[in-house]
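Let me begin by presenting the structure, written as structure tokens, before commenting on it.
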Amino acid sequence: MSFPAKRLRRLRTSEKMRELVQQTTLSPKDFICPVFVQEDLKTRIKVETMTEIERLPIKDVNEEIEEISDLGIPAIMLFGIPTQKDEEGSSAFDENGVVQKAISQIRENFGDKIVIMADVCLCQFTSTGHCGIIHKNKIDNDVSLNTLAKIAVSQAKAGVDTVSPSAMMDGQVAAIRKALDEEGFTDVSIMSHSAKHRSNFYAPFRNAAECAPKFGDRSTYQVPYTNAREAMQEVETDINEGVDIVMIKPALSYLDLIAETRRRFNIPVAAYSVSGEYALVKAASQLGYVNENNITSEILTSIKRAGADMIVTYFAKSASKFLQQS
Ligand code: PBG
């Protein structure tokens, strides 16, 4: 009788042996926690499409950040929902805007205890619901760049650490970097939504942030999910424009692109596990078809295994809780 030349089961014999050879680990330190703040809100409101996710009034932000920070999560990603929308998205760069207020309040209360990241986009702030400014019936790339730069500078003035452009306008990283540097914010970093795909997985977020386009869709600016090479060009362009962290979005259906980005470039890679990924898990676990924590652990681990250094995830708080217990 011949023996197998190699027995991989030898290193699976006990819990401790398996721990010893465990390659990929998950920690609260891997997470960036999204936070939704809404102007003129009196009390927290639940996001219908995303169980356990809420929109917060400014007054509740400190309490939320305290909880996130106590869980060992190093960073937050702020999204604002303004009261006023107009064609220029002017509430997005208002010094007294909801995001700017949240940033300065968090900075004042938490100093350097948490990394403050903020979304830089227009769709929550424009009456059209598009991520760019409409000019002559088109989403005008270069007009939009000026506005995105203004948003980034206004957030920098409020004390943001990292701005995170998600509008998918060409040249957005270069425009923002230049504007930040000219205003003296050379230390404010940029984490770009480099390869943000035109995804069906964003649907629940649009209920969370009231940012659905009023007409058309986002296919003239977001990357088609059929085009991996184009996604790599987006990443490369952002790197050439001086980005500090690149991001692949969504995460779970895009693990190949996370892995490819990791292989090709020596830059931190973030993955955004988006609202639809969260909602699918929530729905299936509420029906009792899967175990929520176990499946979350597997999904987030797979995103790290693919090569992500950090993950923006709506599971940040719940996963940190079960990781602390295990
Ligand atoms: C808007 C924006 C979207 C998301 C983040 N920023 C929606 C969109 O592009 O329509 C989606 C995030 C998620 O689904 O969790 N620029």
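The values are calculated or read from the model by the stated rules, or taken from the named source; none is laboratory data. Because the structure is predicted, anything quoted here is derived from the model rather than measured. All Cβ positions, even for glycine, are placed from backbone atoms using ideal geometry, and neighbour counts span all protein chains on display.
Any chance segment 200-215 includes a residue that's more than 10 Å from the ligand (Cβ to nearest atom), within 17 Å of the chain's Cα centre (by Cα), crowded, with 21+ Cβ neighbours inside 10 Å and in a loop (DSSP other than H, G, I, E, B)?
Checked against the condition, which is being more than 10 Å from the ligand (Cβ to nearest atom), within 17 Å of the chain's Cα centre (by Cα), crowded, with 21+ Cβ neighbours inside 10 Å and in a loop (DSSP other than H, G, I, E, B), segment 200-215 yields no hits at all.
Any chance segment 67-76 includes a residue that's within 16 Å of the ligand (Cβ to nearest atom), modelled with pLDDT of 95 or more, within 15 Å of Ala158 (Cβ to Cβ) and in contact with a Cys (Cβ under 7 Å, 6 or more places away or on another chain)?
Checked segment 67-76: at least one residue is within 16 Å of the ligand (Cβ to nearest atom), modelled with pLDDT of 95 or more, within 15 Å of Ala158 (Cβ to Cβ) and in contact with a Cys (Cβ under 7 Å, 6 or more places away or on another chain).
Going through segment 256-287 one residue at a time, which ones are assigned to a helix (DSSP H, G or I), away from the ligand (no atom under 16 Å from the Cβ), more than 17 Å from the chain's Cα centre (by Cα) and not hydroxyl-bearing (Ser, Thr, Tyr)?
Asp256, Ala259, Glu260, Arg262, Arg263, Arg264, Ala284, Gln286
A quick yes/no check of all residues on (1) within 22 Å of Asp140 (Cα to Cα); (2) part of a helix (DSSP H, G or I):
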site: Leu180; (1), (2): yes, yes
site: Met191; (1), (2): no, no
site: Lys196; (1), (2): yes, no
site: Asp217; (1), (2): yes, no
site: Thr220; (1), (2): yes, no
site: Tyr225; (1), (2): no, no
site: Arg229; (1), (2): no, yes
site: Val235; (1), (2): yes, yes
site: Met247; (1), (2): no, no
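When you check Val290 against the structure, is it under 27 Å from Lys46 (Cβ atoms), within 16 Å of the ligand (Cβ to nearest atom), touching a helix residue (DSSP H, G or I) at 6+ places or on another chain (Cβ under 6 Å) and β-branched (Val, Ile, Thr), yes or no? Explain how you work it out, then say what you get.
Details: under 27 Å from Lys46 (Cβ atoms): yes; within 16 Å of the ligand (Cβ to nearest atom): no; touching a helix residue (DSSP H, G or I) at 6+ places or on another chain (Cβ under 6 Å): yes; β-branched (Val, Ile, Thr): yes.
Judged against the criteria, Val290 is not a match.
Name every residue in segment 148-175 that is more than 12 Å from the ligand (Cβ to nearest atom) and either over 20 Å from Ala102 (Cβ atoms) or of a type in the set (Asp, Glu) (or both), in order of residue number.
Hits for segment 148-175 are Ala149, Asp161, Asp170, Gly171, Val173, Ala174, Ala175.
Which residue is nearest to the chain's Cα centre (by Cα), if the candidates are limited to segment 135-167 and must be under 24 Å from Ser199 (Cβ atoms), β-branched (Val, Ile, Thr) and in a helix (DSSP H, G or I)?
Checking each candidate, the answer is Ile151.
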